[in-house]
Amino acid sequence: MVNFLKRDKNDIFGMPILNIIFKNRIFQRVVQVLVLTVFVYAIYFGFINPTKEENLFTTGLFWGLFWPFFMVTTLSTFGRVFCGVCPHGFIGKFITKIGLKRKIPQSLANPFIGVFLLFFGWWATYYMYPEFFKTPYATALLFFIMTLIAVVFYYIYDEMAYCKYICPIGTMTKVFSKVGFTKLETYKEHCSSCKTFDCATACSYNLKPFTFAKKNSMEDCTLCMDCSSACESVAFKFKKPSSTLFDKFKTSKAEVWALIFITAAISITMGFHHALGRSAIVEEFFWTKTARYFESFVNFGTIDTVGLFAFLYAVLISIVLSVGGMFIASKILKVNFQTTFYTLGYAFAPLFIIGGLSHIGEFFFYSYASNIVNGFNQAFYLGLEFMQPLASRKDEWVHIFKVFNHIGYIWAFVLMINRFNLIESKTILKVFAFPFASALIIFYMSLNFYTGYVFKTYGANMGGHNHKNHQMNMENK
């Protein structure tokens, strides 16, 4: 164990204020306990106050603060710090210590489980029943069930298996954190003579921080910082944005597919359904026309058919463009498809995690900020005046956040160029293969320009989402 060392200038642990935030054990425990307390109270408050009218707190906390604002903004910058304060991970470490410590079976040791839970359990449901998770009761029930599942897994299995394989956002946070500009590693000169391996012993995930730099991968590290308390040789450093993605590392099929699925479910579907869905020509888009066609002879009940088909088309297009584009690229490069797909696929990461900052920025002013403040005021009886949204869709200045959409695809192109350097092939072949491998990025870029064109040419639908008005008209008939 190292007790003292001179830290590099880019080491966050050597910076007084940031040292307190990321390394000070007392500060971290206080934050973790506060987050856990608020988490539990939000679930409880959702059960005793199940309607929107009497409870803005539960939905505001989970869907306005935890998920979009804190998670997306931190993942694209500092990495998986959300996992470091996650209530499930926090209680999981204590439960695992007293649990059965069994090895998770191969059938469950599959990160695709978490990816599919997020993709189908949340996003597919969200687009088919957009109001379902927006109720405090449904939100509280969802997180209560997830907590029960987490507790069971922590108790039965070792090495925080729930976080690695079952957690719906586990694989997602792992891959998107690679876009950020921090890294956890150790000082080699001190590790070379180490015989106690305190950093590895302290890790609940059975990881070895002293191998991170050599592997160019932090593996399943959640930045809980337990290792930094065990040994001073652990460093948390600033690095160039996405530096991990510029070099070789052990690729993961689940991570690449998570990038494609999340890009489809969030970036592309929201472009179809939420952005173009507010335009004056919403009924002219192929997903809307498909929905209307099936509505003419199928009773979908309360399902939002436009949302459903927007989601299905977005997924289909994303899979065809990514897989088809990479397949053609592999033939041009004369390189195995698997190698091409799982090497270059990481370039898709910025499309959501950076492009998503556009949505986060706008909706922080449209609703998140007011919902969070009003929710806490309501739940803790603060006696504050009701806060109005900081902006409306009529405020043009809010659209400045759309710049993140453009930064997203530009950065994806940059990553794609650099990921091509990891492929052994002739330069001229790489030039011809590039547009095919980048087909999903090009589509995302085109969708952003097309959306701007539609609103500039045809304007917005004054009645809001036209599919909602259509459903109301159908019900009245």
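The values are calculated or read from the model by the stated rules, or taken from the named source; none is laboratory data. Please read all numbers here as calculations on a predicted model, not as lab measurements. Here the Cβ is made from the backbone with ideal geometry for all residues, glycine too, and neighbour counts use every protein chain on show. When the accessible area is computed, the model is the full protein with side chains, heavy atoms only, and any ligands, DNA or RNA have been set aside. Shrake-Rupley method; radii C 1.70, N 1.55, O 1.52, S 1.80 Å.
General remarks:
- Percent RCO, i.e. relative contact order, over the chain, from Cα pairs under 8 Å lying at least 6 residues apart: 19
- Looking at segment 365-442, the GluC sites (Glu not before Pro) that sit in a DSSP loop and have at most 10 other Cβ atoms within 10 Å of their own Cβ are GLU385, GLU424.
- Among ALA150, LEU34, ALA347 - extreme Cα towards positive end, dipole of the chain, charges at beta-carbon: ALA347
- Spin-label model distance (nm) - VAL151 vs TRP122, 7 Å beyond Cα toward Cβ: 2.2
- Summing +1 for each Lys or Arg and -1 for each Asp or Glu among the other residues whose beta-carbon sits under 15 angstrom from that of GLY361 gives -1.
- Phi angles across segment 34-44 convert, under the Karplus curve 6.51 cos²θ - 1.76 cosθ + 1.60 with θ = phi - 60°, into 3J(HN,Hα) values of 5, 4, 4, 4, 5, 4, 5, 5, 5, 5, 4 Hz, Gly and Pro given as x.
- FRET efficiency, ASN418 to ARG292 (Cβ-Cβ, R0 51 Å, nearest 0.05): 0.70
- Electrostatic dipole magnitude of segment 288-425 [Cβ: Lys, Arg +1; Asp, Glu -1; Cα centre; debye, to 20]: 480
- Qualifying chymotrypsin sites (Phe, Trp or Tyr not before Pro) for segment 337-406 [loop in DSSP, other Cβ within 10 Å: at most 15]: PHE380, TYR381, PHE386
- Solvent-accessible area per residue, Å², over the chain with all protein chains present [probe radius 1.4 Å]: 47
- Full extension of the chain between TRP397 and ILE17 gives 133.5 nm of extra length, using 0.36 nm per residue less the Cα-Cα distance.
- Estimated FRET transfer efficiency when R0 is 51 angstrom, pair GLU284-GLU189 (beta carbons, to 0.05): 0.20
- Here segment 184-215 is scanned for amide nitrogen atoms under 11 Å from the site 7 Å beyond the Cα of LYS93 along Cα-to-Cβ, giving 202-205.
- Taking Cα centre as origin and charging only the Cβ of basic (Lys, Arg, +1) and acidic (Asp, Glu, -1) residues, the dipole magnitude of the chain rounds to 1520 debye.
- Carbon/sulfur fraction of accessible area - segment 171-228, other protein chains in place, 1.4 Å, %: 53
- Of LYS289/LYS402; LYS164/LYS331; LYS103/LYS188; LYS164/LYS237; LYS164/LYS208, pairs whose Cα-Cα distance is over 26 Å: LYS289/LYS402; LYS164/LYS331; LYS103/LYS188
- Within segment 396-457, trypsin sites (Lys or Arg not before Pro) in DSSP loop having at most 14 other beta-carbon neighbours inside 10 Å: LYS426
- FRET efficiency, 1/(1 + (r/R0)^6) with R0 30 Å, evaluated for GLU385 and LEU36 via beta carbons: 0.50
- Normalised by 2.2 N^0.38 Å, where N is the number of residues, the alpha-carbon radius of gyration of segment 267-337 equals 1.44.
- When only Cα pairs below 8 angstrom with a gap of at least 6 residues are kept, segment 372-465 shows a relative contact order of 23 percent.
- When the inverse distances between all different Cα atoms of the chain are averaged and flipped, the Kirkwood radius reads 24.0 angstrom.
- Computed over neighbours whose Cβ is under 15 Å from that of LEU259, the net charge equals +3, Lys and Arg +1, Asp and Glu -1.
- Kirkwood-Stokes translational diffusion coefficient of segment 248-398, alpha-carbon pairs, 20 °C, 1.002 mPa s, µm²/s: 115
- With both residues required to sit in the chain, DSSP beta bridges show an antiparallel share near 90%.
- Relative contact order for segment 49-146: 53 percent, from Cα pairs under 8 Å spaced at least 6 residues apart, divided by residue count.
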